[in-house]
1. Using 0.36 nm per residue of separation minus the Cα-Cα distance, give me the extension gain between ILE18 and LYS194 in nm, one decimal.
2. Under the rule of at least 5 residues apart or a separate chain, name every residue whose amide H is placed under 5 Å from the amide H of ILE160.
3. Sum -39500 (n - 2.57) across every DSSP H segment of at least 4 residues in the chain, then divide by the residue count to get the 222 nm mean residue ellipticity, nearest 500.
4. Take the chain, connect every pair of alpha-carbon atoms lying under 10 Å apart with a spring to form a Gaussian network, then pick out the residue of LEU239, LEU170, LEU124 with the largest mean-square fluctuation.
5. Please report, for the Cα atoms of the chain, the Rg to one decimal and the Dmax as a whole number; what are they, in angstrom?
6. Please work out the average accessible area per residue across the chain, using the 1.4 Å probe convention, and give it in Å².
7. In the Gaussian network model of the chain, springs joining C-alpha atoms below 10 Å, which of PRO166, PRO47, PRO104 carries the largest mean-square fluctuation?
8. So which helices of the chain fit the span-like rule, where a helix is a whole DSSP H run, its Cα atoms reach 18 Å or more along the axis, and its mean Kyte-Doolittle is at least 0.0?
Amino acid sequence: MDVMLIISAAGVLGGLGIVIGALLGYVGEKMKVSIDPKVEQIYDLLPQLNCGACGYAGCEQAAEAMAKGDAPPDTCVVGGEEEIKLIGSILGVEVGKKEYTTRPVIHCGKGRNKVEPLFEYNGLRTCAAVNAMGGDVPCSYGCLGFGDCVSACPFDAVHIGSDGLPEFDLDRCTRCGLCAKACPRGLITFIPQKAGVYVACSNKDIGKKVREVCDAGCIACRICERNCPNGAFTVEENLARVDYDKCQLALVCVEKCPTKCINKL
């Protein structure tokens with residue numbers, strides 16, 4: 001083997017490596033995207049849950065929008081007041097106290113601790129697991145009470161009460177919606193903060209079937225619909241619904257509901 005040929009080949013390869021490395025470095029420098037330092041500062045303040053509750057795909061996208069001025073400092077519904085104020089200071093914007101426009105409610109009036117279970121369940125104690133089996137409570141629309149909503153809340157704002165239903169701490173709740181997403185039966189919704197009543201039921205069966213499984217469910221009797229002086233109630237799919245734009249808190253609905261499934265807040 002010719003030693004000089006080997007040395008020559010090694011030299012050529014080494015030279016090519018240097019040239020390619022230099023080219024890559026040059027291209028990298030030219031193609032480098034400068035990141036607004038504000039984006040990084042804001043991103044570091046966000047919870048980085050990437051939950052999507054703010055309307056953006058993730059926290060990085062939300063941070064970019066806030067840095068550009070396309071979104072307000074309180075875009076993140078999960079973040080606390082302190083984080084919002086810090087984001088405001090980064091952007092040079094004065095931020096006042098966050099005022100919430102909604103509040104969570106559970107559309108079930110009888111928790112698992114007040115009903116006889118259909119069978120003794122010894123499996124994975126999550127609502128999702130039990131719901132996949134059809135549920136172990138008599139009402140197929142009822143709260144399963146295993147606390148998936150509690151586990152999903154990063155702010156300790158949801159607890160299971162003595163009746164087996166979720167209870168919400170509005171002082172801790174950031175209205176992020178993670179509890180609602182975690183409920184496999186879709187029983188948690190957000191209604192206007194100023195609302196004074198809500199329907200604590202989700203059962204869409206006819207009244208006779210509802211009575212067979214629950215004495216606190218909506219039986220679609222339409223008494224609320226007929227008696228509300230402001231026309232705020234309608235019955236759709238055998239379930240009473242509230243139009244909060246029309247509701248003036250006359251509370252006739254609460255007084256006349258025969259099953260007391262319309263609750264005052």
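The values are calculated or read from the model by the stated rules, or taken from the named source; none is laboratory data. Here the structure is a predicted model, which means the values were calculated and not measured. Every residue, glycine among them, receives a Cβ derived from its backbone with ideal geometry; neighbour counts consider all protein chains shown. Just the protein is used for accessible areas: all its heavy atoms, side chains included, with ligands, DNA and RNA removed. Shrake-Rupley method; radii C 1.70, N 1.55, O 1.52, S 1.80 Å.
1. Numbers: separation 176, 0.36 × 176 = 63.36 nm, distance 6.90 nm.
Contour length minus the Cα-Cα distance gives 56.5 nm.
2. Close amide H contacts, sequence-distant or interchain: GLU167.
3. Values: 10 runs with 92 residues, N = 265.
Taking each H run of at least 4 residues, the total per residue is -10000 deg cm²/dmol.
4. Greatest mean-square fluctuation among the candidates belongs to LEU124.
5. 28.4, 105
6. On the way: 15320 Å² over 265 residues.
Solvent-accessible surface per residue comes out at 58 Å².
7. PRO47
8. Working: long enough: 3-31 (42 Å, 1.75).
Helices meeting the criterion: 3-31.
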